[in-house]
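Notes for the one structure printed next.
Here, each number is a calculation from the coordinates, and none is a lab measurement. In this text the structure is predicted, and so the values were computed from the model without any measurement. Cβ: placed from backbone, ideal geometry, glycine included. Neighbour counts: every protein chain shown.
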Ligand code: ARG
């Protein structure tokens, strides 16, 4: 009898430990090819979102595990529960809000255009309509975007996002903005539409390219949370508010800008 209960105990122990382990970790989904928000230096994850996620995990007494996947899969990873939350420069949007919950916003963003140096036109600076007209006037223009992003919806047109799109354009999706910018340099595409902060880094690392300083959109980034976890959503909102109030958020942003 004694032996039986010991065997039973030993059988249950690993399951119990496994259960505990799951409780101790917090999984964040991201696509780490989007500096300054998330990127890799060697094996190390860096960036604004990574640091905020680390702070969230720390405050909740958990170990952060980073699930680095393609951006296109981030929302479904949160929705399916493969990740507890997602931080990926994720724009808050009603279409996405149908499948995941969003925290309070923590960053204001916008889509911008990167062109090759020779196509740069100073008359388009700060004039959104002029920029749109300029793109519309080029028949068969090839636009590069990161698949599944605001930029992709903007270029292709999407009713639920409220974007008309460019019917004169051929839109090419890339796994990340770096590949899109390379394609721009190689003249496979004519321009890239992508979030401003990463665009500045991509343009700076590709000297033959240049940003047009004009905002096509107004967006806010939020933390994505599984819809079945309102407690975590509340905790994340409380932590973000606290970080905004006590200057931690500002400090993290300043480190990367
Ligand atoms: N803000 C854009 C969006 O939500 C692009 C985000 C891309 N993020 C990334 N980690 N690659 O669609």
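Values as computed for the structure displayed
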read-out	value
Using alpha-carbon coordinates, inclination of helix 230-245 to the longest axis of the chain, degrees	60
Cα-based Kirkwood hydrodynamic radius, the chain, one decimal, Å	19.8
The chain: most fluctuating residue of 180, 169, 83 per GNM, C-alpha cutoff 10 Å	169
Among 155, 32, 130: highest mean-square fluctuation, GNM of the chain, C-alpha pairs under 10 Å	130
Relative contact order computed over segment 66-158 (Cα-Cα under 8 Å; 6+ residues apart), in percent	28
Calculated FRET efficiency for the pair residue 129/residue 237, C-beta based, R₀ 51 Å, to 0.05	0.90
At R0 = 35 Å, FRET efficiency that the Cβ-Cβ distance of residue 186 and residue 104 yields, to 0.05	0.30
With Cα atoms, 0 to 90° folded angle of helix 196-205 axis to the chain main axis	70
Percentage relative contact order, the chain, counting C-alpha pairs under 8 Å, at least six apart	25
Expected 222 nm ellipticity per residue - DSSP helices of 4 or more, -39500 (n - 2.57), all of the chain, to 500	-12500 deg cm²/dmol
Estimated distance in nm for a label pair at residue 72 and residue 175, the labels positioned 7 Å out from Cα along Cα-to-Cβ	1.1
Anisotropy class of segment 35-128 from Cα gyration tensor, a/c 1.5 cut	prolate
Alpha-carbon Debye profile of segment 159-205, log10 I(q)/I(0) at 0.27, 0.31, 0.32 Å⁻¹	-1.08, -1.20, -1.22
Global geometry of segment 36-81, whether rounded, prolate or oblate, following the gyration tensor of its Cα atoms and the 1.5 cut on a/c	oblate
Likely footprinting exposure, 200, 96, fewest C-beta neighbours within 10 Å first	200, 96
Cα-only Debye scattering, segment 122-257: base-10 log of I(q)/I(0) at q = 0.14, 0.18 Å⁻¹	-0.78, -1.07
